[in-house]
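The values are calculated or read from the model by the stated rules, or taken from the named source; none is laboratory data. Quick caveat: nothing in here was measured; it's all calculated off a predicted structure. We place every Cβ from the backbone using ideal geometry, glycine too, and count neighbours over all the protein chains shown. With ligands, DNA and RNA removed, areas are computed over all heavy atoms of the protein, side chains included. Shrake-Rupley method; radii C 1.70, N 1.55, O 1.52, S 1.80 Å.
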Amino acid sequence: MEEPLCCCEYVDRRGRRNHLAACCCDCEELDDGCDRWLTCKSLPPGALERIADTIADRLRVPWFSGAVKINISLVPPLVLLPVFLHVASLHFLLGLIILTSLPVVVLWYYYLTHRRKERTLFFLSLGLFSLGYMYYVFLREVVPRGHVEYSQVVALTCGLILMLAALSRAKKDPGYLPIPAGNEKPSHQGLPNKSVRGSSSGLHGISGAGSSRAVNGEAKGYCRVSAEQPEGVKKDWCTKCQLVRPARAGHCRLCGRCVRRLDHHCVWINSCVGEQNHQAFILALSFFMLTSVYGITLTLHTICRGQSPFVALLYCPGAYSDYSSALSFTCVWYCAIVTAGMGYILLIQLLNISYNVTEREARLALRDNTGHRLLGGLVVDTGQYNRGFLCNWGHFLSLGSSPPQRSAEDIV
């Protein structure tokens, strides 16, 4: 019988037993890369990926049942955010450069991971650590000045707790469709061999069970079928999940699952937003906006006495008089930038709900020229599910309360 792992031992990606003390041993890829760099030689194809995989596999911390791997995407926000904010507090120009560069770097990393179709905890880690660090700076630098009342601190703390509770609910099951049991793939021969016009995704019919077409990169080898349902809605067959999707459902290429009423995959919660968690997602965004604006207002009233928050945000003469004020003012501007971005996301979500359209449906409608932009391009109206403002919001507030759909095995 094999001995259990001690707190510093682990099984590496090659299936071999290893120890944290030997993390710098047997690094052939890294040694070869350094030798090539010193001799000005180019790295062979895939060398950087192998080096990154080796580092990620050996980045672990001791634990009771064996060393636990640390997701490397969690580390940069924890280390770089405090460093950047403290450096930005040293001078106005440094703050201007850093606070301008941070959104650019985050957007660049987002497009990089989006193009590679990779899931990452970087954005969730950045968001949660930003909340914690801003709250820490508020309690340490702003509250001791004596201008913030105890009731205001309690109100800000309650808003933060409510936001985290809503975020925790939004992180749960977004409405994944159950994967059919059994290892055998369902046969396509029983599916109709003719085109079916119209669907929840705004796509035209695809003829033949052997037809192959990519739906925005979500499902290749995608077959369209119709199924007898009480509402008479069309059904989609997903060859990746091997199930029949109900109307408005979609396949997430990052999660690898089909989701009921898929809106989009949100990198900030590292999960999909669908039928079961869309309400919690909107609630989390709303609590964040209220808490953030309230915290920014309290901080500016403390640092820039006698000025309105908007004026103080643009002009605060005593902001850099001492390091504590400079750090608080820098954090205010960081919060303002994040709040503006989240406010834009919340605005788009509220408009989409008002027109009863999801982000996925809007994207597909624009691709297929079946929708038209409204309100200066902020919302895309497909006209397919829009039943008026009140009915659309009533439908949104009732999400998740309807009985679950029949399983794919029962339909097939």
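Observations, loosely collected:
- Evaluation of LEU112 against the conditions (1) at pLDDT below 90; (2) touching a Pro at 6+ places or on another chain (Cβ under 9 Å); (3) among the hydrophobic types (A, V, I, L, M, F, W, C); (4) open to solvent by less than 50 Å² (accessible area, probe 1.4 Å) shows that the sole unmet condition is (2).
- Residue match in the range 11-27 (condition: within 30 Å of MET134 (Cβ to Cβ) and not hydrophobic (A, V, I, L, M, F, W, C)): no
- If the condition is being open to solvent by less than 10 Å² (accessible area, probe 1.4 Å) and either at pLDDT 90 or above or among the hydrophobic types (A, V, I, L, M, F, W, C) (or both), then the range 242-251 contributes LEU243, ALA249, GLY250, HIS251.
- Residue check for PHE64: open to solvent by 70 Å² or more (accessible area, probe 1.4 Å), touching a helix residue (DSSP H, G or I) at 6+ places or on another chain (Cβ under 8 Å), over 18 Å from THR120 (Cα atoms) and modelled with pLDDT of 75 or more: no
- Selection status of ALA166, over 21 Å from TYR334 (Cβ atoms), buried (at least 19 other Cβ atoms within 10 Å of the Cβ) and touching a strand residue (DSSP E or B) at 6+ places or on another chain (Cβ under 9 Å): no
- Criterion violated by LEU85 - all others in (1) open to solvent by 40 Å² or more (accessible area, probe 1.4 Å); (2) in contact (Cβ under 8 Å) with a residue 60 or more places away in the chain; (3) closer than 30 Å to TYR323 by Cα satisfied: (1)
- Any hit, the range 363-371, residues being over 30 Å from ALA247 (Cα atoms), within 24 Å of the chain's Cα centre (by Cα) and either aliphatic (A, V, I, L, M) or open to solvent by 20 Å² or more (accessible area, probe 1.4 Å) (or both): no
- Long-range neighbours under 7 Å by Cβ, at least six apart or interchain, first residue hydroxyl-bearing (Ser, Thr, Tyr) within the range 340-367, second assigned to a helix (DSSP H, G or I) and crowded, with 16+ Cβ neighbours inside 10 Å: SER354/ASN392; TYR355/ASN392; THR358/ASN352
Here is a yes/no grid of residues against (1) more than 16 Å from LYS69 (Cβ to Cβ); (2) open to solvent by 60 Å² or more (accessible area, probe 1.4 Å):
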{"residue": "GLU9", "(1), (2)": "no, no"}
{"residue": "ARG14", "(1), (2)": "no, yes"}
{"residue": "ARG17", "(1), (2)": "no, yes"}
{"residue": "CYS24", "(1), (2)": "yes, yes"}
{"residue": "TRP37", "(1), (2)": "yes, yes"}
{"residue": "ALA52", "(1), (2)": "no, no"}
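- Some residue of the range 322-329 being open to solvent by 40 Å² or more (accessible area, probe 1.4 Å) and not β-branched (Val, Ile, Thr): yes
- Where VAL148 falls short, out of the listed (1) open to solvent by less than 70 Å² (accessible area, probe 1.4 Å); (2) in a loop (DSSP other than H, G, I, E, B); (3) more than 22 Å from ILE303 (Cα to Cα): (3)
- Flag for LEU38 being within 35 Å of the chain's Cα centre (by Cα) and over 23 Å from SER73 (Cα atoms): no
- Residue in the range 305-317 that is in contact with a helix residue (DSSP H, G or I) (Cβ under 6 Å, 6 or more places away or on another chain) and either in contact (Cβ under 8 Å) with a residue 60 or more places away in the chain or open to solvent by 60 Å² or more (accessible area, probe 1.4 Å) (or both) present: no
- Among (1) in contact with a Cys (Cβ under 9 Å, 6 or more places away or on another chain); (2) in contact (Cβ under 8 Å) with a residue 40 or more places away in the chain; (3) closer than 17 Å to GLY127 by Cβ, the one test that GLY250 misses: (3)
- Test: LEU399 is open to solvent by less than 80 Å² (accessible area, probe 1.4 Å) and either modelled with pLDDT under 85 or touching a helix residue (DSSP H, G or I) at 6+ places or on another chain (Cβ under 7 Å) (or both): yes
- Conditions (1) exposed (fewer than 13 other Cβ atoms within 10 Å of the Cβ); (2) over 30 Å from ASP322 (Cα atoms); (3) of a type in the set (Ser, Thr, Tyr): number failed by THR100: (2)
- Residue count for the range 264-315 under the criterion of being over 17 Å from ALA165 (Cα atoms) and among the polar types (S, T, N, Q): the result is 5.
- Of all residues in the range 115-145 being within 16 Å of SER292 (Cα to Cα) and of a type in the set (Phe, Trp, Tyr), the one that is surrounded by the most Cβ atoms within 10 Å (Cβ to Cβ): PHE138
- Those residues of the range 169-180 which are in contact with a strand residue (DSSP E or B) (Cβ under 7 Å, 6 or more places away or on another chain) and not charged (D, E, K, R), in sequence order: PRO174, GLY175, TYR176, LEU177, ILE179, PRO180
- Test result for LEU313, under 25 Å from TYR150 (Cα atoms) and not in a loop (DSSP other than H, G, I, E, B): yes
- Long-range neighbours under 6 Å by Cβ, at least six apart or interchain, first residue of a type in the set (Ser, Thr, Tyr) within the range 385-401, second part of a loop (DSSP other than H, G, I, E, B) and modelled with pLDDT under 95: TYR385/ASN356
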